[in-house]
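Comments concern the structure below.
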Amino acid sequence: MSRTPSSREAASPRLRLIDAVWSLWQTKGHAAISARALARCAEVPVSTLYNHFASLDDLFVSAQERALEEARQWCSMQLSHLVDPASQPFHMDGLGRIMAALIDEWVWSERRLAFAWREGLLLSQREKGYQGIGAEWQALWSGFWQAICDMCGVGAYSRWTSSVFEGEAALHMLPGRRVLDRACLDELCQGWADWLIGRLTVEGPWRFRARQRALDALPHLPDHDDVARRIASAAADVVEHQGMAGLTHRSVAARADVSLGMVSGRFRTSADLARLAFDTIYSRLVMPLEAHEADLSRGQIHVSRRLAMEELMLAVARESTSQSFASQLRYLRGRTSGRILQDMLGMEVTVSPLDAAIFSDLLSGMQRAGIDLSQPGDLDRDGSEWAALRTLLRSRPMADAAKGWGF
């Protein structure tokens, strides 16, 4: 549905520049965008940019507003396909199937819009001038999932459902095996529907196989000497706190307290530095939970690490050759979230890897909505969110949880 001018010559320079921003968000990322790169992509002189926009930021805001407009049209079209005035409301069992179909449609049929959405969220979380854009995306998905949950008779859980959608849609953008990944998406969305009837779920056969493949493909990161480890840690810290735009040899050298020559001599190109940063971020995310104990006392989650993870996922989503890395990001997440969920529900409750993945989606969506989970006290802000979730998931026995899948 994303409308691109049928002919670049026929489109106005303003639309061509907005189109160029969308293209570069999808292919290069926000950090790579400059006035010269935009002009080259739009096939206009650099001066044309400033004839139509007061600044680069003005162009970026306009590109986000255009993306929001088209996303609203997409949401309206999807709702119109679902609504039949003569029909009865959907049963809640249908929510999982609807959710999986919508995630797949949004991510693959509207791919440029999906990248604009993710870049808009990152901008809104890193730069105050874009916070209004982030709020508009939140309102869009909140209203969309309220309407769908109302149709399915679970309107009270629309906010949580919107959070799970946002987390899982971001992961579904990653390259992989489309048929397998769609089967796994169906299992996760059905798992979320199970949660909404008060029942934890079990890992289905497709996600089990995908997770085992991801485990088998885990990289063996090279051993570094003390200086290289300091540089690697500094590179990851820069991405966590400043984003990809802040990752330079100079910023890493300053963070690691080593000379610029020492960084550029060991990691010569920007690509080398980026891979080093991402390898380190990845190792932090998937290391055994025990190594996180100092940072993760009962729900303590670092917002900066989540933002770095989102930057990492966007970078991997742009690389069709990163299937094994994408698989690890998609199917090995949830170790920390699983521990938090286990603590919340009690050790007598069985939490499956799929439950942990669902809870990971839920947590990331709640953080993105502005709930700061970096302080343990916020996990029970007014006691409402977490008490309600705990009550829901402990309200009835977990049917068939111990049966497994027989293979």
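We did not get these values from a lab; they are worked out from the coordinates using the rules stated. Here the structure is a predicted model, which means the values were calculated and not measured. Here Cβ is always computed from backbone atoms with ideal geometry, including for glycine, and neighbour counts include all displayed protein chains.
What is the sum of charges, Lys and Arg at +1 and Asp and Glu at -1, for the other residues whose Cβ falls under 13 Å from the Cβ of residue 26? Each step should come with its number before you reach the end.
Working: positive: 28, 111, 112, 118, 318; negative: 19, 110, 119, 319.
With Lys, Arg at +1 and Asp, Glu at -1, the net is +1.
Calculate, for residue 227 and residue 342, the FRET efficiency according to 1/(1 + (r/R0)^6) with r their C-beta to C-beta distance and R0 41 Å; round to the nearest 0.05. Could you put the intermediate results ahead of the total?
On the way: r = 39 Å, r/R0 = 0.94.
Efficiency computed from Cβ-Cβ geometry: 0.60.
Computed from the C-beta positions of residue 83 and residue 135, the FRET efficiency with R₀ = 22 Å rounds to 0.25.
Taking the highest mean first, how do the peptides 11-19, 329-337, 313-321 order by number of other beta carbon atoms within 10 angstrom per residue?
Values: 11-19: 18.8, 329-337: 21.9, 313-321: 17.1.
Ranked by mean Cβ neighbours within 10 Å, highest first: 329-337, 11-19, 313-321.
As a ratio to 2.2 N^0.38 Å, the alpha-carbon radius of gyration for segment 151-203 is 1.22. Quick check for you: which residues of segment 99-142 have the amide N under 19 Å from the point 7 Å beyond the Cα of residue 245 toward its beta carbon? Once the point is set 7 Å along Cα→Cβ of residue 245, 115-137 turn out to lie under 19 Å by backbone N, inside segment 99-142. For residue 101 and residue 257, the FRET efficiency from 1/(1 + (r/R0)^6), where r spans their Cβ atoms and R0 equals 45 Å, is about 0.30. Using the Karplus relation 6.51 cos²θ - 1.76 cosθ + 1.60 with θ = phi - 60°, the per-residue 3J(HN,Hα) values for segment 42-50 come to 7, 6, 9, x, 4, 4, 4, 4, 7 Hz, with x marking Gly and Pro.
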